[in-house]
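Here's the structure, in structure tokens; my notes come after.
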Amino acid sequence: MNPKVTVMVANYNTSQFLASCLDSLCNQTYKDFEVLVIDDGSTDNSVDIIDRYIQHDRRFRLIKLGRNHGLTHARHIALHQCKGEYVAILDADDIALPSRLEKQTDFLDTNPDVVLLGSYFGIIDPEGKIKERKKPVPLADLEIRWRLTFGNCYSHSSIMYRKEPAMNCGGYDKTMLIAEDVDFYSRIIALGEAAAIGEVLVYWRNHPKSLTQFSKQAQIDKYSLIILQNAIKLHTGQSVDKNVANAVFFNTMIPAVSLSVFKDGIKVLMHAFEVFLTSDRVGQLSLNRRTLSRCLLKHLFKIYKRNHEQEWWKEGQADWIDALNKLLNHYKYRWYTDWHELRYKFKLCRLFLFLLLQHDRA
């Protein structure tokens with residue numbers, strides 16, 4: 001009988017941290033799972049460590065690749081070998097808290113429309129000391145969907161997903177040498193809902209050998225923008241060039257390369273807002289509409305923060321203000337009364353005063 005959950009652990013020369021990762025899985029309160037470790041041609045003693053776990057626990061399996069192919073290729077191979085209905089991700093240098101599998105499995109069991117599930121996560125250093133206890137992520141489908149259209153909000157080691165839709169959406173694209181997880185997220189949520197559990201279930205280890213540390217920035221930028229272009233096309237129907245994609249990229253502080261690109265970026269966001277607003281996922285529920293409005297408002301503030309010191313800003317400011325006015329006029333300020341996310345209160349007050357000032361100047 002197949003296990004309910006497969007935990008996919010991709011490993012390449014992480015023997016220093018591997019035992020901590022695998023121990024965290026041995027300590028899970030949930031028991032109906034297997035651990036599939038795929039070793040991508042390690043040259044250290046990683047395989048010896050994995051073999052010791054296999055000898056003592058039949059739930060552990062190993063796929064050993066003869067040479068290093070890269071993380072995306074390894075994940076692609078492993079996904080096809082997963083036996084579980086659900087697939088949980090835990091990178092070989094990260095650790096899972098004991099209740100992680102139990103809580104995520106229960107969530108998917110009780111929410112059949114959810115195909116992709118994450119959680120809050122913490123950050124530890126190479127020695128395992130906690131550097132950040134909690135990194136919140138969006139919890140609701142609509143906000144996650146917006147974020148995955150324009151960037152990312154998940155830590156991959158916090159992810160659990162359903163295998164069937166993962167296979168149906170094409171799994172991990174082997175042509176994406178970096179950020180293959182984000183590309184995968186944007187495609188699987190086309191087949192169902194996304195969610196996250198609002199508590200820390202994993203710790204991500206920040207160390208010099210982690211992929212994001214040693215990858216060349218040019219390579220990261222290249223694939224991130226390709227993935228962003230694809231996501232915008234898939235979820236909003238818009239084809240954008242790389243400069244415009246970068247201008248609306250949520251997870252960057254790089255300003256737009258020119259005034260025209262900035263203006264095009266604002267248009268992309270406003271069109272996306274209308275597409276989301278008229279979708280079945282939003283419908284007529286006022287809560288969904290307020291959530292979507294907050295997504296756009298937060299995005300516009302990020303756009304302002306990274307562009308307002310550019311020499312062309314005075315010319316572009318009118319487009320930014322116009323976008324804000326369209327958003328606010330759409331709800332006639334009524335959604336200002338929704339204060340359950342208090343961190344927006346001060347931003348909204350500043351925004352209101354800013355718009356009044358602009359009106360007086362006019």
Charges on Cβ only, +1 for Lys and Arg, -1 for Asp and Glu, centred on the Cα centroid of the chain; of I220, V35, C295, which one is farthest towards the dipole's positive end? C295
Show the residues, 5+ positions off or on another chain, whose built amide H is closer than 5 Å to the amide H of A10. I38, L90, A92
What does the charge dipole of the chain about its Cα centre add up to, to the nearest 20 debye, if the Cβ of each Lys and Arg holds +1 and the Cβ of each Asp and Glu holds -1? 880 debye
Kindly flag which residue pairs out of K103/K129; K103/K242; K83/K174 have an alpha-carbon separation exceeding 32 Å in this structure. K103/K242
For segment 3-16, what does the Karplus curve 6.51 cos²θ - 1.76 cosθ + 1.60, with θ = phi - 60°, yield as ³J(HN,Hα) per residue in whole Hz, taken in order and with x for Gly and Pro? x, 5, 10, 10, 9, 8, 10, 8, 10, 8, 6, 10, 4, 4
Using a Gaussian network for the chain with springs between C-alpha atoms less than 10 Å apart, which of these wobbles most: W313, W204, W146? W313
Gaussian network model of the chain, Cα within-10 Å springs - most flexible of Q229, Q55, Q317: Q55
Using modelled backbone amide H atoms (1.01 Å from N, in-plane), which distant-in-sequence or interchain residues come within less than 5 Å of C169's amide H? none
Ranked by GNM mean-square fluctuation in the chain (Cα springs under 10 Å), the top entry among L292, L259, L90 is L259
If you place +1 on the Cβ of every Lys and Arg, -1 on the Cβ of every Asp and Glu, and leave all else neutral, what size is the dipole of segment 101-235 about its Cα centre, to the nearest 20 Debye? 500 debye
From the backbone phi of segment 142-159, what are the Karplus-calculated ³J(HN,Hα) couplings (6.51 cos²θ - 1.76 cosθ + 1.60, θ = phi - 60°) in whole Hz, Gly and Pro given as x? 5, 5, 4, 4, 4, 5, 6, 6, 10, x, 8, 9, 9, 9, 4, 6, 8, 8
What is the set of long-range amide H partners of R59 at a cut-off below 5 Å, with H atoms built 1.01 Å from backbone N? none
Any aspartates and glutamates whose Cα falls less than 14 Å from that of K326, other than same-chain ones fewer than 8 residues away, would be E274
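Every read-out reported here was derived from the displayed coordinates using simple, explicitly stated rules and does not represent laboratory data. These figures come from a predicted structure and were not determined experimentally. Backbone-built Cβ (ideal geometry, glycine too); neighbour counts: all protein chains shown.
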